[in-house]
Amino acid sequence: MIAHVSGIVAEKFAHSVIIDVHDVGYEVQVPLNDFDEALLGEKTKLYTYHHIREQAQELYGFSSLAAKKLFELLITVQGVGPKAALAILSLGDSETVRNAIANSDSGFIAKATGVGRKTADRVVVDLSDKVGLAVAIAHSSGVSATPAGDEALEALMALGFTLNDAMGALESVPKNLPTAERVTQALRSAA
């Protein structure tokens, strides 16, 4: 599997970017916000999901591990394929989508191209306990939401922690430490 690609943005078209990695171009389909942020000629790193079908192989890319993990959860929902999951993630950053799921805002999810009301309802019902619950708890208890792009949080989620467990493990770890040290301390406290 291809876990990430890192290289120069060579071309952009129709929600896809071509990343030049040592003279090999990888076409990666990305959410709208990542498409807008990708600048031609600039170096970028995308965490990828390698989707293999009988007729094709496709790469879906995300600027953060949190977005990739949310994409992987979205495609577990019946009726949500990679293109629909990408459309859902194109509605906003991954935290915005998480908040919509947490608040049972299926109307927001239904705004995604190719996602109907029933599918949006199914996304909210199936995923609220996996991604939405932690966000809802953080807001209702008065704790500020974890900022998007928290690399330690993303690393813990990449290791298999749920969002709720990762936030709990990082709660007592000082935020001014380097990412690797924050992850190490969080793993020790979770053990």
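What follows draws every value from the coordinates through simple rules; no lab data is involved. What you are looking at is a predicted structure, and each value in this text was computed from that prediction instead of being measured. Ideal geometry is used to build each Cβ from the backbone, glycine not excepted, and the neighbour counts take in all protein chains shown.
Taking the Cα centre of the stretch 65-140 as origin, work out the dipole magnitude from +1 charges on Lys and Arg Cβ and -1 charges on Asp and Glu Cβ, in debye rounded to 20.
That gives the stretch 65-140 a dipole magnitude of about 200 debye.
Taking the DSSP beta bridges in the chain as the whole, what percent of them are antiparallel, to the nearest 5?
90
Multiply the residue separation of Phe13 and Ser189 by 0.36 nm, subtract the distance between their alpha-carbon atoms, and state the gained length in nm to one decimal.
Contour length minus the Cα-Cα distance gives 58.8 nm.
For Lys175, Lys68, what's the fewest-to-most ordering of other Cβ within 10 Å of each Cβ?
Ranked by crowding around the Cβ, least crowded first: Lys175, Lys68.
For the stretch 24-90, give me the percentage of DSSP beta bridges that are antiparallel, rounded to the nearest 5 percent.
Antiparallel bridges make up about 75 percent of those DSSP assigns within the stretch 24-90.
What spacing in nm lies between the two simple spin-label points modelled at Gln78 and Ile2, each 7 Å away from Cα in the Cβ direction?
Output for this residue pair reads 3.3 nm.
Of Pro178, Pro31, Pro82, which has the largest mean-square fluctuation in a 10 Å C-alpha GNM of the chain?
Of the options given, Pro178 has the highest mean-square fluctuation.
Which entry in (i) 30, 25, 12; (ii) 33, 20, 15; (iii) 27, 23, 14 matches semi-axes √(5λ) of the Cα gyration tensor in Å derived from the coordinates of this structure?
(iii)
Once phi is turned into θ = phi - 60°, what whole-Hz ³J(HN,Hα) does the Karplus curve with 6.51, -1.76 and 1.60 give for every residue of the stretch 39-47, x standing for Gly and Pro?
10, 4, x, 9, 6, 8, 10, 10, 7
Counting other beta carbons within 10 Å of each Cβ, put Glu95, Glu54, Glu72 in order, fewest first.
Fewest to most other Cβ atoms nearby, the residues stand as Glu54, Glu72, Glu95.
Could you sort out which of Lys118/Lys175; Lys83/Lys130; Lys45/Lys111; Lys45/Lys83; Lys69/Lys118; Lys43/Lys118 sit more than 32 Å apart by Cα distance in this structure?
Flagged as over cut-off: Lys118/Lys175; Lys43/Lys118.
Provide the net charge surrounding Leu65, with neighbours chosen by a C-beta distance below 9 Å and charges set as Lys +1, Arg +1, Asp -1, Glu -1.
Result for the neighbourhood of Leu65: 0.
Please report Ser189, Ser94, Ser16 as a ranked list, fewest other C-beta atoms within 10 angstrom at the top and most at the bottom.
Sorted ascending by nearby Cβ count, the order is Ser189, Ser16, Ser94.
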